[in-house]
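Participant: A single structure is presented below for examination.
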Ligand code: 8YV
């Protein structure tokens, strides 16, 4: 019997390709070439499965043109690159990669918070540029993290991981805003209390965004929300580009209406709003919150498990549209 055919859209660990090849005929993109949509569609012909990262858009137009496709396995917890309704209408399963990156991503949220509040990269650039000639009492004074108020918008698994780090490790007062309130036990575990978005923005010393991207969460933070924040506050975005209005943020940073920001994700990435590149009080990283070797291996492993499970036994571990599986 012929093996199912799978396309791997981006370069990935050789061990991932080897494992996929145990079960499938695999076409891969180990050169990490940038495929146009037309080329992606052409390569998907005859493929039952595709291994995607968060960058490949799966929409109705693509699905119409790829009638053999049955599963898209994302190596990412976020899946805003999927048009889930279109996938469900076409009977195509989408899977994501939750849980395996939670702690690593929460670590990075905290790293970015610390770097931003304590001006780590700004001061390093100063030193590397040879500008450090003497110590000064107010040199790169930042804001305290310990004992401050941490406001988390989006209290899923990663948000809870950040809350625990803040409350238990740094003695922070944690407030959160989420579509739905956590149950009392989870709130107690995270030592977190619920707040309206407005109250959170007005009172938090550090605001961390961990909300999934959707049309409803587009520009969760824009000019109006930035205006509510304290002038001493920091804003951290490890969620998705588009959650923050980057142009409005760059202006608020330039005018020092908030103290600083730490950004791992950007509107239209890998492009970055040019104004963000010229303001000093922002820490910028290239979407690396989940980037540790064990975690990236685990994410690739879970996407592979989903492809193998579904295409060999009809079972997907982490479907985002599970109704397709029971049809
Ligand atoms: C991924 C992410 O590295 O999991 C997510 O949602 O944003 C990152 O961990 C990125 O999407 C590439 O797949």
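Participant: Roughly speaking, what is the stretch gain from residue 288 to residue 89, that is 0.36 nm per residue apart minus the C-alpha to C-alpha distance, in nm to one decimal?
Facilitator: Stretched out fully, the residue 288 to residue 89 stretch lengthens by 68.4 nm.
Participant: Additional query: For region 3-54, what D do you get in µm² per second when you plug the Kirkwood radius from alpha-carbon pairs into Stokes-Einstein at 25 °C and 0.890 mPa s?
Facilitator: D = 221 µm²/s.
Participant: Moving on. Work out the FRET efficiency for residue 99 and residue 255 from their Cβ-Cβ distance, taking R0 = 56 Å, and round it to the nearest 0.05.
Facilitator: 0.90
Participant: Still on this structure, I have one more. How far apart, in nm, are the 7 Å Cα→Cβ label points at residue 144 and residue 215?
Facilitator: Once both label points are built, they end up 4.6 nm from each other.
Participant: Any chance you could get the radius of gyration and Dmax over the Cα atoms of region 159-266, in Å?
Facilitator: 13.5, 41
Participant: Of all beta bridges DSSP finds with both residues in the chain, what is the antiparallel percent, to the nearest 5?
Facilitator: The antiparallel proportion sits near 5 percent.
Participant: Let me ask you something else. Using the 10 angstrom Cβ neighbour count as an exposure proxy, how do 299, 139 rank, fewest first?
Facilitator: Ascending number of Cβ neighbours within 10 Å: 139, 299.
Participant: Report the full-extension gain for the segment residue 132 to residue 186: residue separation times 0.36 nm, less the Cα-Cα distance, to one decimal in nm.
Facilitator: Value of the extension gain: 14.8 nm.
Participant: Same structure, new question: Over its Cα atoms, what ratio of radius of gyration to 2.2 N^0.38 Å does region 208-258 give?
Facilitator: My calculation over the Cα atoms of region 208-258 gives 1.06.
Participant: Still on this structure, I have one more. Need the full-extension length gain, residue 315 to residue 3, defined as separation in residues times 0.36 nm minus the C-alpha distance. One decimal, nm.
Facilitator: Full extension of this stretch gives 110.6 nm more.
Participant: Right, next: Kirkwood hydrodynamic radius of region 254-327 from all distinct Cα pairs, in Å?
Facilitator: Kirkwood radius, region 254-327: 15.8 Å.
Participant: Within the P(r) computed for the chain, what percentage of the Cα pairs occupies the region above 26 Å?
Facilitator: 52 percent
Participant: I've got another one for you. Can you give me the angle between helix 102-117 and the longest principal axis of the chain, using Cα atoms only, in degrees from 0 to 90, rounded to the nearest 10?
Facilitator: It is inclined by approximately 30 degrees.
Participant: Work out, in µm²/s and without decimals, the Stokes-Einstein translational diffusion coefficient of region 69-193 at 10 °C, 1.306 mPa s, Rh from Kirkwood over C-alpha pairs.
Facilitator: Answer, rounded: 91 µm²/s.
Participant: Run the simple label-point estimate for residue 61 and residue 23 please: 7 Å along Cα→C-beta, distance reported in nm.
Facilitator: Label-label distance for residue 61 and residue 23, simple model: 3.1 nm.
Taken together, the values in this text are just the output of simple stated rules run on the coordinates, not laboratory data. Values in this document were obtained by computation on a predicted structure and should not be read as measured data. We place every Cβ from the backbone using ideal geometry, glycine too, and count neighbours over all the protein chains shown.
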